[in-house]
1. Looking at (1) open to solvent by 40 Å² or more (accessible area, probe 1.4 Å); (2) part of a helix (DSSP H, G or I); (3) not aliphatic (A, V, I, L, M), which is the one condition that is false for Asn113?
2. Of the conditions (1) within 27 Å of Leu107 (Cβ to Cβ); (2) open to solvent by less than 70 Å² (accessible area, probe 1.4 Å), Ile74 fails just one. Which one is it?
3. Identify, please: which residue in segment 94-126 is of a type in the set (Gly, Ala, Ser) and more than 18 Å from Val203 (Cβ to Cβ) and is, among those, modelled with the highest pLDDT?
4. Give segment 25-52 a look and list any residue that's closer than 17 Å to Glu7 by Cβ and not hydrophobic (A, V, I, L, M, F, W, C), or say none.
5. Just to be sure I understand, how many residues within segment 159-218 are open to solvent by 70 Å² or more (accessible area, probe 1.4 Å), free of Cβ contacts under 8 Å to residues at least 12 places away in the same chain and more than 28 Å from Val138 (Cα to Cα)?
6. Quick one: how many residues across segment 127-157 are touching a residue at least 24 places away in the same chain (Cβ under 8 Å), within 20 Å of Thr87 (Cβ to Cβ) and assigned to a helix (DSSP H, G or I)?
7. Could you grab me the full set of residues in segment 146-188 that are of a type in the set (Gly, Ala, Ser) and over 19 Å from Val134 (Cα atoms)?
8. Check Ile91 against each of (1) open to solvent by less than 30 Å² (accessible area, probe 1.4 Å); (2) modelled with pLDDT under 80; (3) among the hydrophobic types (A, V, I, L, M, F, W, C) and name the one condition it does not meet.
Amino acid sequence: PPMINSENAMLRGTVLFNVRGRDMGSVVKDAKRRVEQHIKQLPQGYYIEWSGQYENQVSAEKRLKIIMPIVLIIIAVVLFFTFRSATEVMIVLAGMPVAMMGGIYSLHFFDINFSVAVAVGFIALFGIAVETGVLILVYINQAFSSLADRKGNTSETINTEDINKAVYAGAVLRIRPVLMTVVVDIIGLLPVLLATGVGSDVVKPITLPFVFGLISSTIYALIVIPVVFALIKEWEFKRTGKLTFISDSR
């Protein structure tokens, strides 16, 4: 009798196996295909159910499919109310795919399979990437505000060279704080990256995409965002004859 297992008032027989060197989703998919090939029809009253960690992963993925779009929508709405410009919102949000590229390359180099823990690391990475982009744009807008206060906001008093100087001045103000933040984050997570003890297999998938994605997103924020922002503002200035910026960003 101690060997008889039951669940929901029904007898249960369990087949256990471990996953090594591959992601759980693809392993279970292959296992399902093999089972379907060899077991054409089950006796009446019998059925097969895939449980364990795979069941928890499927449940977590379903939640993430709902949570992540909601989070992205909230971020976009907050950014729009901050900048009141869809163009600037798109510039900031473009840092997410760049950050994801760094995280994906880290998974490839360290041979880490995608999991719920990796997804959590990417969610944290997206927040930092957006925050860095917002800081850069806010200070560039502040430089534009100072330029308008000094020279006025017309094509007769300012030119594209003034715009480039304002973008440069605003971006330079954030280089040191942004780099300090990134370096501190990386140094603080180094013990986790180098850990080999109990629990390291859980925390490493969270940390790897965050650290390497942070590097790529920082490069994007410090180099690409000012250039793209300057090009867009030059185009708007030639079209309208005046600068558009957040006057209350100080």
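1. Condition (2) is where Asn113 drops out.
2. (2)
3. Across segment 94-126, the extreme among qualifying residues is Gly102.
4. Hits for segment 25-52 are Gly45, Tyr46, Tyr47, Glu49, Ser51, Gly52.
5. Going through segment 159-218 one residue at a time, the tally reaches 6.
6. Qualifying residue count for the region: 18.
7. Ala148, Gly152, Ser155, Gly188
8. (2)
The values are calculated or read from the model by the stated rules, or taken from the named source; none is laboratory data. All values reported here derive from a predicted model rather than from experimental measurement. Glycine also receives a Cβ, built like all others from the backbone with ideal geometry; neighbour counts cover every protein chain displayed. Side chains included, ligands, DNA and RNA excluded: accessible areas come from the protein's heavy atoms. Shrake-Rupley method; radii C 1.70, N 1.55, O 1.52, S 1.80 Å.
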